[in-house]
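Report on one structure; see the data block that follows.
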Amino acid sequence: MRHRIALPPTLGHAFSVQEAAALGIRRGRRDAPDLARPFHGVRTLTAPETFSATVSSAAPRLRPGQRLSGRTALRHWGLPVADRWHPGEPLEIAVPTDRTPPRAAGVRGTRLARGRAKTWRVNGIPVVDPVAAVFTSASRLDLLGAVVLLDALLATSDNYPGLRPGRPTVSASDIAARLVSWGPFPGCATIRAALSHARGGVESPKETETRMLITSAGLPEPVIQHEVRADGRLIARSDLAYPELRIAIEYEGDGHRTDQHQWRTDIRRQRELEGRDWIVIRLTQHDLGAGAASFLERLRLAIVSRSRR
């Protein structure tokens, strides 16, 4: 059996064929079947199976001025994208308008005018800033998807799922100013409409979806992350609430069901709220889809019952 030449550790997990050639690695070794070819001109020790591994494997082929944009930038920042990543999803890479976008299998090249986006390096990969990531994805967003993303941009909590720490802070006025400076672009009307619905303080995409479901049904907009205190002690912090009516709305993800400590905390919190005359309405993903009508009717009845007091 023929033993293949070991590759120099300096090449790392992913490398370009040019880098290998510069180190004296011959073509036969570079093209050996034990190496994966995720992109043209790139070799990896193993085939990438996740989004982060795919992005890392593309790094050796990035040229000066190229950076992640669009949906790829959203995922790289950890911003909530409605659909799950799949291996066939192309990486979106933007270049200045005076350069030719990359053309290769697995890559979608676009142009982005200079000055429209700042460049950040996240895990060593150049990527447009989070606001530009949303704007360059806007043409494929509906209103709800855009509001979810804008709420995530405005989030200041460190427990918002998936968001990368150390990301730049953004305010609603920052987003509005960027809309003005960018001028017309595909999907800008969607972002402009979504900005009027965006709120700070949200801690998960499902909180946004729940709030939007409630308001789109014509019900009053609930307060976000309302704190209930008694005798100087924090009793509960509700995802959404109508404090004057003592109605709390809690979204329960799978983590609330599978985490024993979280489950017990949820039960204790509900008991404490109900002991203080609060109505606690808990909902799951089903209530945001097929069960929406039932959830909204229950909430509507709760609001009516408390409004008659």
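The values are calculated or read from the model by the stated rules, or taken from the named source; none is laboratory data. The model shown is predicted, which means the values in this text are computed figures rather than measured ones. Neighbour counts run over all protein chains shown; Cβ positions are idealised from the backbone, glycine included. For the accessible areas, the whole protein counts, side chains as well, though only heavy atoms, and no ligand, DNA or RNA atoms are used. Shrake-Rupley method; radii C 1.70, N 1.55, O 1.52, S 1.80 Å.
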Task: Gyration tensor (alpha-carbon) shape descriptor, segment 36-84, a/c threshold 1.5 - done: oblate
Open item on the list: With angles folded into 0 to 90 degrees, how steeply does helix 292-307 sit against the dominant principal axis of the chain? Use alpha carbons for both and round to 10.
Closed with: 40 degrees
- [ ] With a/c under 1.5 counting as rounded, go ahead and sort the chain into rounded, prolate or oblate using the C-alpha gyration tensor (a ≥ b ≥ c being the square roots of the eigenvalues; past the cut-off, prolate if a/b is larger than b/c, else oblate).
- [x] prolate
- [ ] Any chance you could give the angle, 0 to 90 degrees and rounded to 10, that helix 205-216 forms with the longest Cα principal axis of the chain?
- [x] 50 degrees
Task: Dipole axis of the chain (+1 Lys, Arg; -1 Asp, Glu on Cβ), positive-most option in 154, 201, 122 - done: 122
TODO: Considering Cα pairs under 8 angstrom that are at least six residues apart, work out the relative contact order of segment 12-100 and quote it in whole percent.
DONE: 25 percent
Open item on the list: Explain nothing, just compute: Karplus ³J(HN,Hα) = 6.51 cos²θ - 1.76 cosθ + 1.60, θ = phi - 60°, for every residue of segment 269-275 in order, whole Hz, x for Gly and Pro.
Closed with: 5, 4, 4, 5, 5, 5, x
Open item on the list: If I take R0 = 30 Å and measure r between the Cβ atoms of residue 288 and residue 157 in this structure, what FRET efficiency does the formula 1/(1 + (r/R0)^6) give, to the nearest 0.05?
Closed with: 0.90
Open item on the list: Sequence gap at least 6, Cα distance under 8 Å: using those rules, report the relative contact order of segment 135-253 to the nearest whole percent.
Closed with: 26 percent
Open item on the list: Based on alpha-carbon centroids, what's the gap between segment 64-118 and segment 25-45 in Å, whole number please?
Closed with: 24 Å
Task: Net charge, residue 14 excluded, C-beta distance under 10 Å - Lys, Arg +1, Asp, Glu -1 - done: +1
Open item on the list: What does the C-alpha gyration tensor say about the overall shape of segment 123-179? Classify as rounded when a/c is under 1.5, otherwise prolate if a/b is larger than b/c, or oblate.
Closed with: rounded
TODO: Using a Förster distance of 22 angstrom, determine the FRET efficiency expected from the C-beta separation of residue 216 and residue 177, and round it to 0.05.
DONE: 0.20
Open item on the list: Modelling each spin label as a point 7 Å along the Cα-to-Cβ direction, I'd like the residue 189/residue 301 distance in nm, to one decimal.
Closed with: 4.0 nm
Open item on the list: I need to check one value: relative contact order of the chain, counting alpha carbon pairs closer than 8 Å and at least 6 residues apart, in percent.
Closed with: 10 percent
TODO: For the chain, give the percent of accessible area contributed by carbon and sulfur heavy atoms, probe 1.4 Å, rounded to a whole number.
DONE: 52 percent
Task: Formal net charge of residues neighbouring residue 200 (Cβ-Cβ distance under 13 Å; K, R +1; D, E -1) - done: -2
